[in-house]
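Only one structure is covered here, and it is reproduced in the block below.
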Amino acid sequence: MDDTRTNQRFDELAAQVHDWTESAVALDEGHFPNELLGDLEDLITELKAFLHENPATHERRDVIELFVSPEMAEIVERFPRVRRLLERAWGAQLTELLAEESSDFGGFDEDEDE
């Protein structure tokens, strides 16, 4: 794959991660739908295949960064099945980054008191 097509494919996968995140964050507390979990598994498989096919242009950290957002931190906190799936797929590095992401947004009240 040439660089333009590779970057375009990466952008498409990034958009899919974003769309999945928007769908998941809109869910109410409680049961996480198996279909949405399956969609995440499929997306992870595609991302891993992409990394395998394009080691010269994209690194694992590029993909992990796609999952780091306040919304994903909220999803992982609310739905342990998602957290476990992401941790199995990408390791503790992702869950640590998500924990940092959620702590960055959790301390606003404390800052106002100082």
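The values are calculated or read from the model by the stated rules, or taken from the named source; none is laboratory data. What you see is a predicted model, and the numbers here were worked out from it, not measured in a lab. Cβ placement follows ideal geometry from the backbone for every residue including glycine, while neighbour counts extend to all protein chains displayed.
Within region 9-36, the set of residues being among the small types (Gly, Ala, Ser), assigned to a helix (DSSP H, G or I) and either touching a residue at least 24 places away in the same chain (Cβ under 8 Å) or loosely packed, with under 11 Cβ neighbours inside 10 Å (or both) comprises Ala14, Ala24. Given the criteria in contact with a Phe, Trp or Tyr (Cβ under 7 Å, 6 or more places away or on another chain), crowded, with 16+ Cβ neighbours inside 10 Å, aliphatic (A, V, I, L, M) and at pLDDT 90 or above, does Val82 qualify? Yes, satisfied.
Selection of region 37-59 for residues being under 22 Å from Ala99 (Cβ atoms), surrounded by 15 or more Cβ atoms within 10 Å (Cβ to Cβ) and free of Cβ contacts under 8 Å to residues at least 24 places away in the same chain yields an empty set.
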